[in-house]
Amino acid sequence: MNYTFTISARDTGRSSYYVISFGAEVTVVQGSYDFTPTAAARTMFAVCPMEVQVQFPPSSVISGSAVITTREPFVSGEIIISPALAVPVTFALWGLEKIGEVTMRPGETTVGFRFDV
């Protein structure tokens, strides 16, 4: 079954490296991200079979999604942001509607997630 895993943040204030690692037989099919930079900085985007890696510059808005597929009854993994941001960053899993979300709070660098699908 296919699902969409999204990210959203506002006024990040600094460049940060984001890693979304999926487990339990999840495959990342494709991804796209959009951001409005507030300063010039290195930008990188990589889609791997079980991971998405992104280097965003300081941005007023970050949004994006990755299409994932799995046959498992859940989607789980870990999110890393380095260095930590001073604003919340929200990640959500979507099917036909929102299945669940996790918000990385200001100052956090790692958060795990597990959503039953």
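The values are calculated or read from the model by the stated rules, or taken from the named source; none is laboratory data. Because the structure is a prediction, the values reported are computed rather than measured. Heads up, the Cβs are rebuilt from the backbone with ideal geometry, glycines too, and the neighbour counts pull from every protein chain shown.
Each row is one residue, and each column tells you yes or no for (1) β-branched (Val, Ile, Thr); (2) closer than 17 Å to Asn2 by Cα; (3) in contact (Cβ under 8 Å) with a residue 60 or more places away in the chain.
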residue: Ala46; (1), (2), (3): no, no, no
residue: Ala66; (1), (2), (3): no, yes, yes
residue: Glu72; (1), (2), (3): no, yes, no
residue: Ser76; (1), (2), (3): no, yes, no
residue: Val102; (1), (2), (3): yes, no, no
residue: Pro106; (1), (2), (3): no, no, no
residue: Phe113; (1), (2), (3): no, no, no
residue: Asp116; (1), (2), (3): no, yes, no
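Among the residues of region 75-93, which ones are part of a strand (DSSP E or B), on the phi < 0 side of the Ramachandran plot and surrounded by 15 or more Cβ atoms within 10 Å (Cβ to Cβ)?
Going through region 75-93, the residues part of a strand (DSSP E or B) turn out to be 75-82, 89-93.
From the residues that got through so far, the ones that are on the phi < 0 side of the Ramachandran plot too are 75-76, 78-82, 89-93.
Correct list: Val75, Ser76, Ile79, Ile80, Ile81, Val89, Phe91, Ala92, Leu93.
Can you give me the ranges of the strands (runs of 3 or more DSSP E) entirely in region 1-50 with at least 1 residues that are out of contact with any Gly (no Cβ under 6 Å at 6 or more places or on another chain) and more than 17 Å from Pro88 (Cα to Cα)? Spell out the reasoning first.
Working: elements: 2-10, 16-22, 27-37, 44-48.
In region 1-50, 2-10, 27-37, 44-48 are the strands (runs of 3 or more DSSP E) which contain 1 or more residues that are out of contact with any Gly (no Cβ under 6 Å at 6 or more places or on another chain) and more than 17 Å from Pro88 (Cα to Cα).
Taking the conditions exactly as written (out of contact with any Leu (no Cβ under 9 Å at 6 or more places or on another chain) and in contact (Cβ under 8 Å) with a residue 40 or more places away in the chain), does Phe56 satisfy them or not?
For Phe56, the condition - out of contact with any Leu (no Cβ under 9 Å at 6 or more places or on another chain) and in contact (Cβ under 8 Å) with a residue 40 or more places away in the chain - is met.
May I ask you to list the residues in region 13-25 that are modelled with pLDDT of 95 or more and touching a strand residue (DSSP E or B) at 6+ places or on another chain (Cβ under 6 Å)?
Ser16, Tyr17, Tyr18, Val19, Ile20, Ser21, Phe22
Which of the residues spanning region 13-27 are within 14 Å of the chain's Cα centre (by Cα) and in contact (Cβ under 8 Å) with a residue 60 or more places away in the chain?
Scanning region 13-27 gives Ser16, Tyr17, Tyr18, Val19, Ile20.
Please verify whether Ile99 is of a type outside the set (D, E, K, R), under 15 Å from Tyr17 (Cα atoms) and in a strand (DSSP E or B), treating the condition exactly as stated. If you could, list the steps in order and put the result at the bottom.
Working: of a type outside the set (D, E, K, R): yes; under 15 Å from Tyr17 (Cα atoms): no; in a strand (DSSP E or B): yes.
Spelling it out, it is not the case that Ile99 is of a type outside the set (D, E, K, R), under 15 Å from Tyr17 (Cα atoms) and in a strand (DSSP E or B).
Conditions first: (1) under 13 Å from Gly77 (Cα atoms); (2) surrounded by 16 or more Cβ atoms within 10 Å (Cβ to Cβ); (3) at pLDDT below 95. Gly31 passes all but one, so which condition is the exception?
(1)
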